[in-house]
Each structure stands twice: as C-alpha cells, then as structure tokens.
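Undergrad: Let me begin by handing over the structure; questions about it come next.
The values are calculated or read from the model by the stated rules, or taken from the named source; none is laboratory data. This one's a predicted model, so the numbers in the text were calculated from it and none came from an experiment. Heads up, the Cβs are rebuilt from the backbone with ideal geometry, glycines too, and the neighbour counts pull from every protein chain shown. Please note that ligands, DNA and RNA were not included when accessible areas were found on the heavy atoms of the full protein model with its side chains. Shrake-Rupley method; radii C 1.70, N 1.55, O 1.52, S 1.80 Å.
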Amino acid sequence: LHSAVTRIQVQRPGFNYTFAHICILNNDKTCIVDDIVHVLEELKAARSSNRTNFAITYPITHLKDGREVYNGHQLGGVTVHSKDRVKSAEAIQLTYYLQAINSLNDMVAEKWESIFCDTVELFQKSNRKVKMYPFTSSSLKEDFQKTSRVSERYLITSLVLVVTLAILCCSMQDCVRSKPWLGLLGLLTVTLATLTAAGIINLTGGKYNSTFLGIPFVMLGHGLYGTFEMLSSWRKTREDQHVKERTAAVFADSMLSFSLTTAMYLVTFGIGASPFTNIEAARIFCCNSCIAIFFNYLYVLSFYGSSLVFTGYIENNYQHSIFCRKVPKPEVLQEKPAWYRFLLTARFSEDTDDSEETNTYESHLLVWFLKRYYCDWITNTYVKPFVVLFYLVYISFALMGYLQVSEGSDLSNIVATATRTIEYTTAQQKYFSNYSPVIGFYIYESIEYWNTSVQEDVLEYTKGFVRISWFESYLNYLRKLNISTGLPKKNFTDMLRNSFLKTPQFAHFSEDIIFSKKYNNEVDVVASRMFLVAKTMETKREELYDLLETLRKLSLTSKVKFIVFNPSFVYMDRYASSVGAPLQNSCISALFLLFFSAFLVADSLINVWLTLTVASVEFGVIGFMTLWKVELDCISVLCLIYGINYTIDNCAPLLSTFVLGKEFTRTKWVKNALEVHGVAILQSYLCYIVGLIPLAAVPSNLTRTLFRCLFLIALVTFFHCFAILPVILTFLPPSKKKRKEKKNPENREEIECVEM
C-alpha cells in the first residue's frame, strides 16, 4: 500500500508530480514518512534473512540505526508480551504530509489527495481481508457538504407536504370565506424571504455550508405563525365592515406581537452573527437567519398584507375563493347538480340573522374543534389533576436527561452517514484512543534559555495550571539549567528529554533545536520545538481541550513567543467553543430581550410568565434530547437558541391575552386566549411537524440532530401552549376581578350599542 501511494502521479501540462515532488522534506532532503514504515521495512528485512531477534516494543521502539521512535499513535489495538514487546496489532495508521507553499503546489496537493482516496479504495478491492479507511484534509469538508446533496429530495418532499397542509389549514366548506390561496401565499412569503437571504449571502461572497439546512425550518416556524395569526385576526372582524377597516383591524391586532417577536429573533441571531461568535459556520448561519427574518417581516407587511386585501375583496364580492367567480344565490344553486352545489356552498349575509353573524367562520374545522370541545375539556376540573401529574412526570424525565448532558466530541455528528469521515473516526476512536495526538510545542524566537530572568518570566504565566505539569517540568529544568552559548546540541537535548520523560502525563518526547552561527563563532538558539504525546483515554478527551485552551492563553500572554499545534486541534477548537460561545450569546440575548420587553409589554407579569415558560421548555428540550442520544454541539445549541424564540412566538400572545384580560374568571380568559390564538398556533404546529418528518429520513447525522432538536422544541412548546399553561393559569396569578354589580337590561343594551 505504501508503495502504491508513493507511486501516485498528478498529471499537469509538461510534468507529472509524484509524492516525492510535493512531500515535506527531512534535513537529508528525503520525504518525511511515519516511523512505523521504517519499522515495517526492518521487520520485512529481518523476515527475509530469517532473523528472529527483531522485536517491536510499544509505545516506543528502537530502529537498527539506534534511533528511538514513538509508535503509540501509529499502532492500534496492541497486545503486548512482557517488557512491552508487541505480540499483535489490529490497526496501523499511516500519515502522509504534503506541502502547500504556493497556489500551484496547493492545487497539485488537492488533486493528489483525491487520487490517494481512489488508490486506497482500489487497493481495498484487491485486498478484501484488510479494511482501509482513507482520510484527507478535505474529507471532513466534503462529507460535511454532502449532507446538502443527499437531503435535496427529502426537502422537496417536505415542501410538498407543507404546501398541501397549509392549503388545507386555511380551507373550509364555505367557498367564499375559505382562504386556500392565503395558505399557499403565506408559504410563498417565507420562501421568498429565505431565497432573498440566500441571494444576498451569495452576492456578498458568503460561503454555503450544510448548517443552512436549518434556516428554512427557522423561517417556517416564525413566518407561518405570523401569517396564520393575521388570518385568525381576519376571522374576528365583522363582515359588514369595509375591506380597509377589516385590514386595519388585522394589522392592529396581530402586527404588534409579530413585530416584537421579529425584533427578538433579530437581536438573538444578530448577536450570534457578531464577532462575539468564534465559529464561522454558526456566524454565517445566524447572519443568514437575520437577513431572512428581516425580509420575511417586510414581505408579510407588504406582499402577504396585499394578498389578504385582495382575498378580502373577493370575499366581500361573494366570489369563489379558488376560482374567483361569482357564487350564485341558493335558489339558483338548487337547479344545479349535487357536485356543483358542493363546490359552491356559501352562506350569504342576508340568510343569517344578527345572532348567527359572528359565527360564520365556525365551520372551519379547527375553530369549531377548539371552541366547542377542547377549551371546555382542558379547563374541566377533573382533567386538571391529570395534566399537573403529567407535567411532574415531564419534569422528572427532563431532569434525568439533564443530569446526563454531555458535550459533542465526535466528528461524525456533523457529516452525512456512510462517508469516509464516519469510517475513519470510528476506527480512530476504537484503536488509537490510548494516546493523544502528537502535540507540537514551538518556541519561534531567539531567547536566552540559560537566563534565569527569562525562565522566571515564562514560569510566571504557568502558576495555577496544575494539569500542564509537563510544561512546568520544562521550565523548572530551564531554571536549573546553566548552559553557555557553546553547549553542544546533544548535551542540551539529552537533558531536555530526561526532564520530560520524568513527567508521568507524557509517554514520549522528541525535540529539534535550530542553531545559527553568529560572529566570533558564537552559537545562538534561533528556535526550538518539542513533540509531546500525552497518555489519555477516550473518556478523558476533555483533558486535551483544557490543555489546548490553557496553552493558547499562555501563548497570547507570555513574553516568550510560542505556539502549540496538532491537526486534530482544528476539530477540538470546534467542540471546545461550540457550546460555550453560543450559550454565552444566548444569555446576552435573553438579558437584552428581558430588558427590552420590560418597556414594551403592558404588564410586567407577562415577562414573568414568559420567562418561566421559556425556562421550562428549554429545560425539557435539553433533558429529552439527551435521552434521545443528542449531544450538545454546535447544531444542537443553535437549535436551543432558536427554541427560545419559537417558544416566545407561540406563548407570548396567549399569555398577554390572559394577563391583560379584566373581569370575568381565569377560566373564561384561558378559553378566550385559546379561541383567539389557538387556531394559529395549531395550524403553524401542524405545518411545522409535517415539514420536519422527511428530515428524519435523511442519511446524515447533522440532519438527525437537527430533526430531533427541532421536533422536541415544537412538541414541548405545543404541550405548554395547549396543556400546561391553560391549566396552570386557571389557579395561579393574576387574579381576575369579577363584575361587582349586575347590569340592568337598559345598561346592557347601551353597552352593546357602543360596541356596535
């Protein structure tokens, strides 16, 4: 396999590049290859000469030339005899290092990586007994973006289902008052806003990534609820009013709450799009979401508002809601066939008396269900204890999951299934988890290593970092060391190695010191580097995160310029910051929103109830997603931030209607709040869930996390809106003042005239 890899050729005009042309070179101008290759070559030579005294030790072995090499990260699943002699190994890891010093070299290296994967897969076909898992610098990016390609047909299915259900949710038997076009146009409004945001991101040079798959669902939850709420407000207006008056009433009733929730979305995702967020994918996601939500608000005001006016004129003119033709009078319909009468069923205003006029929209299935059955059932005295008991069970399971929350530390969580990344990381964690990756520690300036003041300056920054005992050992060694500029390199490095290997946290140490000659034959240490390997286990990977973060802080504050690096740190960076940064931003957003809404809501009690509801929903979602085997990573945390806004979107109108209601009883106002806002919440929820279902079938771990988090957010929020809040609000504050005096008939008639 190694020979096949080194023979790979990349054809360019006039020249064929091989591994030897693009590899990183040693001091002797030969390609750097893993030490395990030299071990295998010596093992092969010993076998061919029938020598049996050659043995491999683990994790450090010795070559024929006397060199000591570390193989802890190159041999996996090792079984040893006594004295660390290797009996067998289940896996071998080979790494090939390529140069990227200019654009041509970078292009050739990228092509070489592609051919490398094809070569390994071809080699696998002829050697089926051995499993091979190729992985390159671009594999993670390719597998991450593959989610978009494999999810295309599922998203189309989702769109078709949402369109169908949105049309059905806005339809009713009355062909004049039915609004199927508004269901379709509401979804079109959301789609236009999403496409506008995508276009702006593309035109401004933004980079697409697979986390954008969540944006349509963010828009679906917020945008559709706003359009359904406007339609619900339209049903409350009087039919004998002019279209302009009805439209004004709709905007006055629904746009204030929609404007506030839109502002909350913009603030939350705006902070996520700011430089405070150090994850590029999350920042671009939040930026795209902000643009989409802003344009959705404009389109709802303009496009959807004008569509509502247009359908209003159609309704006032008694035209068919789909075909826009005039609906004939009932006496004319009697002469038509049954199917014709069914399609053109409508109630005319002259056919209804004043007592029935307000109920013309009750033929809508959801309105009829909530008003006639659900509101009375959920507020029934015998139902309330069971709801409270169910809520206690909900809290118990949520707490059980919350206590088991773990941060995501698996690269496979962000890529499509059945990809190279999944196979490689699975094998990596199975066979190579006993030792950390090789960590490079580089001092890249000329310093006086023998100077005690320099040693003290560096040592000052390590106080309090107990975990990095290897670093302190190094500095303690330097403090005691008294070397002159003429000290031979071998003596210096030997003492350095002995100092490090006394530290139990580290399994191996190697070094490379660069000397340069100055005038008068003086020697100066220009730079030095050390390669360290920590003893770790798969379950203690957070120690590496702590090590990385602590060393990074030291490198920024220390007077001695040094850096630490390993390619795996790129992924550790992602997980180390995937939870902290978004949670920090969400806390800032929540505090700002509470402060902001305190000046806008009519009653501070709305803020109190809203805060408690959001906390209950988020607590439940975190607990249940942990029980559903979803870890806290970048995707799940972004979903949790969205969950705050989604809960406010659905619960704020219910709470404000209840809290601001005066007179009557709590039960009466709970019923009123459900009748006024429940239909819009139910319509939005049904469309949202139907849109999410196809996402569960996408063969990608990223979409699996997205589906589970969004599904739980929608389900738990719905549970609070239609069960928990309606029950709890009936026996907890605020109290409602009942009417103190019974109005006489004349007074009641006067009030009714004023309301007219």
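Undergrad: Please label the shape of the stretch 1-141 as rounded, prolate or oblate, based on the square roots a ≥ b ≥ c of the eigenvalues of the alpha-carbon gyration tensor (a/c under 1.5 means rounded; beyond that, a/b larger than b/c means prolate, else oblate).
TA: Prolate is the answer for the stretch 1-141, as a/c is 1.5 or above and a/b outweighs b/c.
Undergrad: For the stretch 264-349, how big is the tail of P(r) above 23 Å, as a whole percent of Cα pairs?
TA: 54
Undergrad: As an exercise, use a Förster radius of 51 Å and the Cβ-Cβ distance of Thr204 and Gln173 to find the FRET efficiency, rounded to the nearest 0.05.
TA: 0.60
Undergrad: Which peptide among 175-181, 81-87, 226-232 comes first, and what is the full order, when sorted by highest mean count of other Cβ atoms within 10 Å?
TA: Listed from highest to lowest mean packing, they are 226-232, 175-181, 81-87.
Undergrad: Moving on. Taking only protein heavy atoms into account and a 1.4 Å probe, give the accessible area per residue of the stretch 630-675 in Å².
TA: That works out to 27 Å² per residue.
Undergrad: Would you mind telling me the share, in percent, of accessible area of the stretch 1-141 contributed by carbon and sulfur at probe 1.4 angstrom?
TA: The value for the stretch 1-141 is 51 percent carbon and sulfur by accessible area.
Undergrad: What's the center-to-center distance, using Cα atoms, between the stretch 4-67 and the stretch 184-216 in Å?
TA: Measuring centre to centre over Cα atoms gives 50 Å.
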